[in-house]
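Down below is the structure, laid out as structure tokens.
The values are calculated or read from the model by the stated rules, or taken from the named source; none is laboratory data. This structure is a prediction, so every number in the text was calculated from the model and none was measured. Virtual Cβ from ideal backbone geometry, glycine too; neighbours counted across all protein chains shown. Each accessible area value is taken on the protein alone, full model and side chains, heavy atoms only, with ligands, DNA and RNA left out. Shrake-Rupley method; radii C 1.70, N 1.55, O 1.52, S 1.80 Å.
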Amino acid sequence: PMRDAMVKNVRSSLLVLLGAVGFVLLIACANVANLLLARAVGRRREIAIRAAIGAGRGRIVSQLLTESVILSLAGAVFGSALGIAGIGALLRVNTAGLPRVGEEGALVVLDWRVLGFTVLAATVTGILFGLIPALQSSRPDLAATLKESGGRAGTGLRQNKMRTALVLAEVALAVVLLVGSALLIRTSLALNAVNPGFDAGNVLILNTSINGPQFTRSAAVDQMLRTGYERLRALPGVTVASAGCCVPL
């Protein structure tokens, strides 16, 4: 199909990149969830007072989830701004072999689908990774917490286990990313060192598109190519000129 001929193996590369970005997102979410758990320690007395004066557990959880989602959406806005600026900057440096990106990546833009996915991902991650700290914080031991002073408020065994699990998850994901990155770099270096079977030194390639009504007949195309050969061969330093449909054939 024409789509496969144009994008070649770009789809698989982008899926690998998407997986790596997903791992980075999980690491960031686990880090933020850990920070929310640590922050909840300092708010134990506040939450206990809310519960003591009649706030239900659902009300407390909804308040903490709202704070988590707002934090996540703020990160999405900041990340989108960096993305808009970063896409153009990266593609001006190197298009990475991506097809149909336009001049300096002009055709690659953030549309409503990308922004919608960003908002959805931010909302879902804000709820999922804010739910654990919210549930942990919404069940305080009222008698013990209200008796503690602000400086002596400690963490419970359950919270410590949860924070340890999150740290372990971050380290595991980071190790996977580092190993995967090292393997990709090694593969890239190995591919660049492969002998292609021909000498590409001192070879120049010109891409052209033969369009227009004057080229509807094959004779006109043949004449244009012959004229091009003659003019190229007449240039100083040119040994041979030829035409083909595909590089490197």
One can check that the equivalent ellipsoid of the range 88-137, built from the alpha-carbon gyration tensor with semi-axes equal to the square roots of five times its eigenvalues, has lengths in Å, largest first, of 36, 12, 7
With N residues in the range 7-115, Rg(alpha-carbon) / (2.2 N^0.38 Å) equals 1.57
Restricting to Cα pairs under 8 Å and 6 or more apart, the percent relative contact order of the chain works out to 30
Per the 1/(1 + (r/R0)^6) rule, R0 = 30 Å and r from the Cβ atoms of Ser13 and Leu135, FRET efficiency to 0.05 is 0.15
Taking protein heavy atoms only, a 1.4 Å probe, and rounding to whole percent, the accessible area of the chain owed to carbon and sulfur comes out at 65
Quick calc, Ile70 & Leu98: beta-carbon distance into FRET formula, R0 25 Å, rounding 0.05, result 0.10
Answer in debye to the nearest 20: the dipole magnitude of the chain about its Cα centre, from +1 Lys/Arg and -1 Asp/Glu charges placed on Cβ, is 1000
In whole percents, the bins of 5 Å from zero upward hold the Cα-Cα pairs of the chain as 1, 5, 8, 10, 11, 11, 10, 8, 7, 6, 5, 4, 4, 3, 3, 2, 2, 1, 0, 0
The farthest towards the positive end of the charge dipole of the chain, of the residues Leu204, Ser68, Val24, given +1 on Cβ of Lys and Arg and -1 on Cβ of Asp and Glu, is Ser68
